[in-house]
Amino acid sequence: MNGAQVVMETLGAAGVGFCFTNPGTSEMHLVAEMATRPSIRNVLCLFEGVATGAADGYGRMAGKPAATLLHLGPGLGNGLANLHNARRAATPLVNLVGDHATYHKAFDPPLDSDIESMAGTVSTWVRRTTSVEHVGSDIAEALVAARTGRGVATLILPSDVCWSAGGSVAPIPAIPPDGFDADEVERVAKVLRNEEGCLLFVGGAVMRRDGLRAARRIARATGTRLLAEKSPARHERGGGIPDLVRLPYPVDEALGTLRGYRHIVFAGARPPVAFFAYPGKPSELVSPETEVHELGQSAAALEYLAELIAAGELPDDGPRARPGMPTGGLTAEAVAAVTGALLPEGAVLVDESMTSGQHLPAATADAPWHDWLSLTGGSIGMGTPAATGAALACPDRPVICFVADGSAMYTPQSWWTQARESLNVTTVILNNSSYAILAGELGRVGTFTDADLDRAREFIDISGLDFVSLAAGMGIPGARADTAEGFAGKFREALAEPGPHLIEAVIPPVAAL
């Protein structure tokens with residue numbers, strides 16, 4: 001077998017059914033071999049950031065890795081932002097990067113670069129295959145690293161390794177089940193039984209039905225307060241599943257939320273830090289006076305804790321009233337209310353709505369069962385690619401992507417892939433004609449003169465974008481709404497019709513600085 005055959009045979013045998021690609025000359029043997037294998041679907045993307053973001057969305061929903069195929073260091077560079085988000089989401093992902101032939105690199109050709117250094121910034125595991133004899137064991141180890149390390153495993157494949165004969169498939173070691181420290185869980189159980197002023201802070205794998213029910217049992221049995229991380233990779237919500245308040249983004253609000261607790265237990269999450277540094281404010285959000293207990297990333301640890309101190313199941317919360325349908329001019333609050341009123345059961349909601357989507361979590365808390373994917377790493381351009389991958393992972397579920405106008409312009413090429421693959425994705429653009437988040441950050445960073453603020457207005461104004469036309473150019477039907485009734489009608493239509501749709505929700509611009 002040549003190296004390309006070994007790579008694709010191993011991926012297929014491991015159940016990797018999708019490869020999100022933006023290949024070039026160095027990857028042609030991999031592309032040709034993929035074309036002969038119906039077990040692996042080649043999903044072409046017009047930009048590497050779409051490929052990496054789609055693999056992230058797929059991995060979050062499928063619970064297993066997809067692969068990417070990128071063209072040398074510059075192609076990897078174009079995909080780094082969403083690989084960063086995948087790393088922060090602990091998404092299993094096998095990132096294949098083609099490179100020049102081993103003997104050609106010595107000549108420093110124009111596209112040569114230090115791929116290992118770039119890949120190391122976003123990967124839990126990086127390796128360059130140096131010969132066809134090693135490619136089988138290398139791809140097998142990449143698969144194991146992606147699954148056990150819950151993150152990006154990058155394998156660099158020189159073109160001559162892919163075209164050379166002499167390779168063989170290596171066995172993939174069994175993946176051990178997640179473990180946890182039972183002694184630490186038992187120590188935490190004593191604290192929660194005997195101490196007051198306790199907070200249980202959850203995230204990661206705990207943000208699913210079983211983990212959230214375990215958290216609620218613990219809270220009811222001990223009086224412990226509950227709080228969730230700000231941006232969970234995948235959060236199962238609605239349909240009676242316990243809904244948790246999330247840690248707020250503004251640093252002062254986050255500090256206030258975590259202040260005053262004697263003990264904080266972290267389950268599936270780590271102690272949070274501020275997104276950015278601000279003059280005179282701490283980076284660590286947990287007070288030095290608070291005793292911290294960490295149960296690790298396994299959801300099983302929290303479920304064991306619940307059995308120790310809160311044996312017996314509690315029923316899910318019953319159905320509650322959805323928001324009423326708003327009327328009048330369209331606002332961010334009205335978009336959220338319509339969504340909460342109409343969100344279908346089983347939806348996957350991908351959220352990159354930034355400041356305009358702050359009302360969405362509360363408005364959808366009582367909607368039918370759905371999943372929520374967040375912008376985990378803060379790197380813009382995740383929303384529409386992740387929705388693309390989620391739709392391929394869950395073809396029987398509607399995917400709804402809420403994305404801010406500025407964020408949407410990072411990866412609009414996603415819509416071409418959605419149209420090409422006939423994916424059931426409804427994209428809602430929250431268009432307020434501004435980078436509104438920057439307006440808020442100006443106030444947090446420091447005091448500015450009126451002249452400074454006048455100049456700053458130029459940098460947050462992004463008016464003039466026509467998303468309906470952009471969508472049409474990618475092959476997606478689009479519509480514009482500026483009233484609550486109009487948005488509700490377009491949202492209903494998009495949910496009722498299969499395939500991709502785009503709705504441009506025109507909401508008031510950000511308040512003057």
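The values are calculated or read from the model by the stated rules, or taken from the named source; none is laboratory data. Nothing here was measured: the structure is a model prediction, and the numbers come from that model. Cβ placement follows ideal geometry from the backbone for every residue including glycine, while neighbour counts extend to all protein chains displayed. With ligands, DNA and RNA removed, areas are computed over all heavy atoms of the protein, side chains included. Shrake-Rupley method; radii C 1.70, N 1.55, O 1.52, S 1.80 Å.
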Residue 149 fails exactly one of (1) modelled with pLDDT under 95; (2) surrounded by 18 or more Cβ atoms within 10 Å (Cβ to Cβ), namely (2)
With the first residue restricted to region 61-78 and required to be buried (at least 18 other Cβ atoms within 10 Å of the Cβ), and the second required to be in a strand (DSSP E or B) and among the charged types (D, E, K, R), Cβ contacts under 9 Å at 6 or more apart or on different chains are 61/371; 72/99; 73/99
Leading residue by the ranking (least open to solvent (accessible area, probe 1.4 Å)) among those in region 277-287 that are free of Cβ contacts under 8 Å to residues at least 60 places away in the same chain and hydroxyl-bearing (Ser, Thr, Tyr):
287
Taking region 277-303 only, how many residues are among the charged types (D, E, K, R) and assigned to a loop (DSSP other than H, G, I, E, B)?
2
Among residues of region 167-205 being touching a helix residue (DSSP H, G or I) at 6+ places or on another chain (Cβ under 8 Å), more than 23 Å from residue 61 (Cα to Cα) and free of Cβ contacts under 8 Å to residues at least 60 places away in the same chain, the residue least open to solvent (accessible area, probe 1.4 Å) is 173
For the subset of region 229-255 comprising residues that are among the small types (Gly, Ala, Ser) and either at pLDDT below 95 or part of a loop (DSSP other than H, G, I, E, B) (or both), which member is most open to solvent (accessible area, probe 1.4 Å)?
239
Unmet criterion (only one of (1) in contact with a helix residue (DSSP H, G or I) (Cβ under 9 Å, 6 or more places away or on another chain); (2) surrounded by 14 or more Cβ atoms within 10 Å (Cβ to Cβ); (3) not acidic (Asp, Glu)) for residue 258:
(1)
With the condition kept exactly as written, say whether any residue in region 365-373 is within 19 Å of residue 64 (Cα to Cα) and out of contact with any His (no Cβ under 6 Å at 6 or more places or on another chain).
yes
Going by the conditions given, is residue 49 open to solvent by less than 30 Å² (accessible area, probe 1.4 Å) and more than 22 Å from residue 151 (Cβ to Cβ)?
no
Just wondering, is there one or more residues in region 269-276 that are buried (at least 18 other Cβ atoms within 10 Å of the Cβ), within 21 Å of the chain's Cα centre (by Cα) and either under 23 Å from residue 206 (Cα atoms) or at pLDDT below 95 (or both)?
yes
Checking residue 344 against (1) crowded, with 18+ Cβ neighbours inside 10 Å; (2) under 28 Å from the mean Cα position of the chain (by Cα); (3) not small (Gly, Ala, Ser), the condition it does not meet:
(1)
Taking region 5-23 only, how many residues are touching a strand residue (DSSP E or B) at 6+ places or on another chain (Cβ under 8 Å) and either open to solvent by 10 Å² or more (accessible area, probe 1.4 Å) or outside any loop (DSSP other than H, G, I, E, B) (or both)?
9
Set 97, 144, 126: member being open to solvent by 10 Å² or more (accessible area, probe 1.4 Å), part of a strand (DSSP E or B) and of a type in the set (Val, Ile, Thr):
126
Going residue by residue through region 430-439, is there one that turns out to be open to solvent by less than 50 Å² (accessible area, probe 1.4 Å), modelled with pLDDT under 95, among the hydroxyl-bearing types (Ser, Thr, Tyr) and under 27 Å from the mean Cα position of the chain (by Cα)?
yes
Looking at region 325-438, what helices (runs of 4 or more DSSP H) fall wholly within it and have at least 2 residues that are among the β-branched types (Val, Ile, Thr) and either closer than 25 Å to residue 205 by Cβ or touching a helix residue (DSSP H, G or I) at 6+ places or on another chain (Cβ under 8 Å) (or both)?
332-342, 383-393
Identify the single condition in (1) in contact (Cβ under 8 Å) with a residue 60 or more places away in the chain; (2) closer than 25 Å to residue 365 by Cβ; (3) of a type outside the set (A, V, I, L, M, F, W, C) that residue 304 does not satisfy, given that it satisfies every other one.
(2)
What's the number of the only condition in (1) open to solvent by 10 Å² or more (accessible area, probe 1.4 Å); (2) part of a loop (DSSP other than H, G, I, E, B); (3) at pLDDT 95 or above; (4) in contact with a Gly (Cβ under 6 Å, 6 or more places away or on another chain) that residue 316 fails to meet?
(3)
Would a scan of region 256-270 turn up a residue that is under 28 Å from residue 84 (Cβ atoms) and in a helix (DSSP H, G or I)?
yes
Give region 214-228 a look and list any residue that's open to solvent by less than 40 Å² (accessible area, probe 1.4 Å) and assigned to a loop (DSSP other than H, G, I, E, B), or say none.
224
Return only the number of the condition from (1) over 17 Å from residue 67 (Cβ atoms); (2) open to solvent by 40 Å² or more (accessible area, probe 1.4 Å) that residue 109 does not satisfy.
(2)
Selected residue (only one of 359, 370 is open to solvent by 40 Å² or more (accessible area, probe 1.4 Å) and either touching a residue at least 24 places away in the same chain (Cβ under 8 Å) or among the aromatic types (Phe, Trp, Tyr) (or both)):
359
